Amino acid sequence: MTTLTPVVGAALVVLGVLGYVLTGADSLTALIPAVVGVLMLAAAAVARSPRLHRHGIHAALLVALLGLLGSSMNVVRLPAVLTGTAERPAAVVVSTVMAVLLLVYLVAGVRSFAAARRRRRVTP
């Protein structure tokens with residue numbers, strides 16, 4: 001998770017900036033993935049400290065969960081993009097990419113926590 005968190009955070013920053021620029025910089029909401037990415041990068045920086053590692057990763061996972069919940073509102077509009085009837089197709093595509101990235105990150109986080117718990121049970 002220590003390596004994955006900044007990678008996902010940086011990918012979200014790039015996604016947000018690209019979404020903003022490619023849509024003509026019309027709406028600041030296009031930068032939401034970048035904001036989520038910056039928050040994840042900040043949590044990753046906290047997680048680099050051995051004493052605060054767990055807290056940093058938990059914070060990153062909380063940000064990812066909130067970002068996934070927020071982006072899922074547009075994901076349900078993906079069929080409209082595919083049929084060409086979407087009102088804001090770029091927003092839907094960016095939100096969908098963000099949701100997929102965050103879902104993968106959350107699944108990896110849950111698996112990491114489960115593996116750590118198993119290791120603690122084995123090691124007295």
Taking the stated definitions as given, is Val97 β-branched (Val, Ile, Thr), in contact (Cβ under 8 Å) with a residue 24 or more places away in the chain and either crowded, with 16+ Cβ neighbours inside 10 Å or within 20 Å of Arg54 (Cα to Cα) (or both)?
yes
Report, by residue number, each residue of the stretch 34-58 that is aliphatic (A, V, I, L, M) and over 17 Å from Ala108 (Cα atoms).
Ala34, Val35, Val36, Val38, Leu39, Ala42, Ala45, Val46, Leu52
Report those helices (runs of 4 or more DSSP H) wholly inside the stretch 1-94 carrying at least 1 residues which are surrounded by fewer than 18 Cβ atoms within 10 Å (Cβ to Cβ) and under 11 Å from the mean Cα position of the chain (by Cα).
4-22, 32-47, 53-75
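Quick note: the coordinates plus some simple rules give every number you see, no bench work behind them. Treat the numbers as computed from the prediction; the structure is a model and nothing was measured. When we count neighbours, we look across all protein chains shown, and the Cβ atoms used for this are built from the backbone with ideal geometry, even at glycine.
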